[in-house]
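Asker: Here's a structure for you.
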Amino acid sequence: MASGPTHLDSARGWVTACGAALSVMAAFGAIYSFNAFAKSMADEFGTGHGPISLVFGITVFLFFGSALVSGRLYDRFGIAPLLIVGATMFCGGLFAMSQVSVLWHGYVLFGVGLGFGGGLFNAPLFTLTAMWFARHRAVAQGIVATGSGLGTVFFAPLAQWLLEVYGWRGGMKALAVVSAGIFAVALFMIKRPPKMEMGDAGRHVSLVVRSAAFWQMGVSGVFFTMAVIGSLGSVVTFAQDDGLPARAAVALLTIIGFASIVGRMALTSLARPLGSVRLVKMAFFGLPVAYAIWFATTRVSALEAKFVLLIVFASVLGVSYGGFVALLGDVTAHLFGLVGLGTVMGMLFFSAGTGALIGPPLMGFTADATGGIGLPIAISGVIAAVGVVVLLPMTRHPLDLPTYVGPGAPPSPAPSASTQPLVRQPLIPQRLVRQPAVPMVRPVGDVLGAALERPRSAPLLDAPPDVFWPIPDDIANDRNGAAGPVTVADLTRSN
């Protein structure tokens, strides 16, 4: 008797998720540590906020934008080659950046090395984790996304200490060594899941990119990263310009990291009862609130009160940012299914990279032009509000596509009178049986949508092969051996 895909939600999957989190921690930590070095670099090269922030913007753009390529490479070659090549470029870029004598060299070395190199494995790690899980996907994605928060928490104070002891050049060399060690450990922990045949990925992706939900996620992602990455690239220097000491300013980045971890773990733990799509909208809604608080700090003269407000701002920003990033993979898999997931997530990461390219230099050059930080903060708040407006109308239900494959079937019309009864053998004895196609909540593992709505003699050109999902023990116990099929309601949550 054939068995279901037993790798889903397995212990090996959790080990892989932790290894992915380590890689994400090193990548985000080293990139965001640039903010600790930015002011010293600006002083040495004699530049303002704008030219320095452009280094950060190019790096983050390539970090997210290269997912357009890395997603397809992952689908073809797997994760190990991407992590080896990407980590080598990443650490090499850090070391090379420590040797630059003119700033534009940093655009190339830091941008291509850390940006493109890190992007080769960043988005694929989220895709990899999604393919290991069904029931606990949101939590697993939260663990991976927590890596970026841990990177901010640990690398920001480490970078500040290295700056004080060795200067920004020596600090980057040290970060290259630390990052290389972390990538080496992670490489032994991650593993690609067993391959499941799920139909024509190209056909499915072409249908996904025509959907309103895809464009709502993509466009809102541009606005999200414009605001958030712009803030992460300027919060330290803006706080110093506003009167805070260097260590207090760097502490804000650490607070954002801690808060993002809280946001990731709290919101992903609520994904089953409340739904990932609903939660990702709530997380995005927190951004305009954060920027309103940040703008208010520019109108406060007392340094102690200003710092308290900045802590509140950093906390709200971190929770919103962390929750959105942690839920993104689960929302993508829920709405669009698992077919071609690497390619779909790659395109969404590319849209986020576009916003990351615009946000930091927009804030930096605006601050240089106006001689203050109030206007760029206000602009970021407006950008975040526009993103909320774009995302709010997005559907909470899986797309009704004939090529959809996932742990729950999207809704479809009632079967026609011409549909012939169809019974399939169970993959799990006594637990998963195909019933005649009658109006009812549809069984898990159904050939989705069009497959059941056509006569058996009709060609199923768009329908993917069956994917049967294992039944978690708690659901089996709750059913107490009841007869009948396991339904979508048994396994899925309301999103």
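What follows draws every value from the coordinates through simple rules; no lab data is involved. A quick note: this is a predicted structure, and the numbers were derived from the prediction, not measured. Cβ sites come from the backbone with ideal geometry, for glycine too, and all protein chains shown count toward neighbours.
Asker: Take V308, project a point 7 Å from its Cα along the Cβ direction, then tell me which residues of segment 263-298 have their backbone nitrogen under 16 Å from it.
Answerer: 293-294, 296-298
Asker: Compute the whole-percent fraction of alpha carbon pairs in segment 25-149 spaced more than 23 Å apart.
Answerer: 34 percent
Asker: Using Cβ counts within 10 Å as a stand-in for footprinting exposure, how do R396, R264, R137 rank, fewest first?
Answerer: Least to most surrounded, the residues fall as R396, R137, R264.
Asker: A further question follows. If I model a spin label as a point 7 Å beyond the Cα along the Cα-Cβ vector, how far apart are those points for V15 and V300 in nm?
Answerer: 4.8 nm
Asker: Expressed as a rounded percentage, what relative contact order does segment 11-391 have, with Cα pairs under 8 Å and six or more residues apart?
Answerer: Relative contact order of segment 11-391: 30 percent.
Asker: Residue by residue through segment 127-136, what is 3J(HN,Hα) from phi via Karplus (6.51 cos²θ - 1.76 cosθ + 1.60, θ = phi - 60°)? Round to whole Hz and write x for glycine and proline.
Answerer: 5, 3, 5, 4, 6, 8, 9, 10, 5, 9
Asker: Let me ask something else about it. What is the fewest-to-most order of M363, M25, M265 by other Cβ atoms lying within 10 Å of their Cβ?
Answerer: Ranked by crowding around the Cβ, least crowded first: M265, M25, M363.
Asker: Taking the simple approach of a point 7 Å from Cα along Cα-to-Cβ for both H397 and D241, what is their distance in nm?
Answerer: Those two pseudo-labels are separated by 4.8 nm.
Asker: Let's test this: bin the Cα-Cα distances of segment 105-217 at 10 Å from zero up to the farthest pair and state each bin's percent.
Answerer: Distribution as computed: 10, 29, 33, 19, 8, 1 percent.
Asker: Once you have all Cα-Cα distances for segment 209-274, histogram them in 10 Å bins from zero and send the whole-percent values.
Answerer: 18, 29, 33, 15, 5
Asker: Right, here's the next one. Run the quick spin-label model on S206 and L274: label points 7 Å from Cα toward the beta carbon, then report their separation in nm to one decimal.
Answerer: In this crude label model, S206 to L274 measures out at 4.0 nm.
Asker: Over the Cα atoms of segment 167-313, what Rg and Dmax result, in angstrom?
Answerer: Expressed in Å, the Cα Rg and Dmax of segment 167-313 come to 20.6, 62.
Asker: I'd like to compare 159-167, 119-127, 342-350: which one has the highest average count of other Cβ atoms within 10 Å, and what's the full order after that?
Answerer: Most protected by this proxy first, the peptides run 119-127, 342-350, 159-167.
Asker: Post the alpha-carbon centroid distance, segment 146-198 to segment 200-261, in whole angstrom.
Answerer: 19 Å
Asker: Could you give the C-alpha radius of gyration of segment 11-391 expressed as a fraction of 2.2 N^0.38 Å, taking N as the number of residues it contains?
Answerer: Rounded to two decimals, the normalised Rg is 0.92.
Asker: If we count other beta carbons within 10 Å of each Cβ, what is the order of I379, I31, I373, fewest first?
Answerer: I379, I373, I31
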